[in-house]
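Note sheet for the following structure.
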Amino acid sequence: MSFRLPVANVFTSDPDHAIVVGTVTQGEISTGQLVVVPIQGSEVRVQVLGLQRFGAIIEQATVGQEIGMQLKGIAPTLIAVGSVVKGPLLAE
């Protein structure tokens, strides 16, 4: 895994999808890829539904960009500020 996004903030688009905000510190990520989110001592695999940068929808994010990342099927209350989203993972 070469992508890393330390979580600076967490929002919700609905109860089943979280939006994490932070600055990409390593690698790159694209919409549709799978990432790992640390939750309560374990790691959960989720899909990136969308990426935004300064309100604009983007397809890919790289090092140094501050982004919002919408994650499929994970409640925002489960994600801690300061945790690190990692990826991308190969599809199963």
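Kindly establish whether residue 82 is part of a loop (DSSP other than H, G, I, E, B) and without any contact (Cβ under 8 Å) to a residue 40 or more places away in the chain. No; evaluated as a whole, the condition is false for this residue. Checking each residue in the stretch 67-90 for being within 10 Å of residue 35 (Cα to Cα), modelled with pLDDT of 95 or more and of a type outside the set (Val, Ile, Thr) picks out 71, 86. Counting only residues that are on the phi > 0 side of the Ramachandran plot and among the hydrophobic types (A, V, I, L, M, F, W, C), the stretch 25-65 holds 1 of them. Within the stretch 40-88, the set of residues being more than 17 Å from residue 15 (Cβ to Cβ), over 9 Å from the mean Cα position of the chain (by Cα) and among the charged types (D, E, K, R) comprises 43, 45, 53, 59, 66.
The values are calculated or read from the model by the stated rules, or taken from the named source; none is laboratory data. Source: prediction; values computed, not measured. Neighbour counts are summed over all protein chains in view; Cβ atoms, including those assigned to glycine, are modelled from backbone coordinates with ideal geometry.
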